[in-house]
Amino acid sequence: MAAVDWEALAAQARAAAARAYAPYSRFTVGAALLGEDGRVYVGCNVENASYGLCLCAERNALFHAVACGCRAFRALAIAAPKVSPPCGACRQALAEFCGPTLEVAMVSLGPGGESVRAFLGDLFPNPFAC
Ligand code: ZN
């Protein structure tokens, strides 16, 4: 299997962030999830006046992939105004479908485009399972 093209994946996450609907926080986030099927599933955060209905970019991308029939993943890129790891809820949702070796690139939308990579297992070592 070909190596992950992190630059291309980050570019898709940045493009998704540009489509985020974040009028309340103004914290735009995009996610690009590379499926084992070779397709990239993107998501952006979508906020709502009823704050509890807001959805993170990472879960938006994950649920998009599942809805398209993909349940196995190779890599995730997240683009946000600063280097930002997934929130706890997204880590748990990712752990449902991704093993601890899923590599996550956290990319800043700011000048310089700082990027940090980590494994899901390091970000979230003890997911809930029933
Ligand atoms: Zn989240």
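General observations
Yes/no per residue for (1) modelled with pLDDT of 95 or more; (2) in contact with a Cys (Cβ under 9 Å, 6 or more places away or on another chain); (3) closer than 26 Å to residue 128 by Cβ:
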{"position": "28", "(1), (2), (3)": "yes, yes, no"}
{"position": "32", "(1), (2), (3)": "yes, no, yes"}
{"position": "54", "(1), (2), (3)": "yes, no, yes"}
{"position": "59", "(1), (2), (3)": "yes, yes, yes"}
{"position": "65", "(1), (2), (3)": "yes, no, yes"}
{"position": "82", "(1), (2), (3)": "yes, no, no"}
{"position": "88", "(1), (2), (3)": "yes, no, yes"}
{"position": "109", "(1), (2), (3)": "yes, no, no"}
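- Subset of the range 17-71 (residues that are in contact (Cβ under 8 Å) with a residue 60 or more places away in the chain and open to solvent by less than 20 Å² (accessible area, probe 1.4 Å)): 17
- Of the residues making up the range 58-81, those that are within 15 Å of the ligand (Cβ to nearest atom) and charged (D, E, K, R) are 58, 59.
- Count - residues of the range 1-10 that are of a type in the set (Gly, Ala, Ser) and open to solvent by less than 50 Å² (accessible area, probe 1.4 Å): 2
- Here the condition is being within 16 Å of the ligand (Cβ to nearest atom) and more than 28 Å from residue 1 (Cβ to Cβ); of 104, 46, it holds for 46 alone.
The values are calculated or read from the model by the stated rules, or taken from the named source; none is laboratory data. None of these values were measured; they are calculated from a predicted model. No Cβ is skipped: glycine too gets one built from the backbone with ideal geometry, and neighbour counts run over all protein chains shown. For the accessible areas, the whole protein counts, side chains as well, though only heavy atoms, and no ligand, DNA or RNA atoms are used. Shrake-Rupley method; radii C 1.70, N 1.55, O 1.52, S 1.80 Å.
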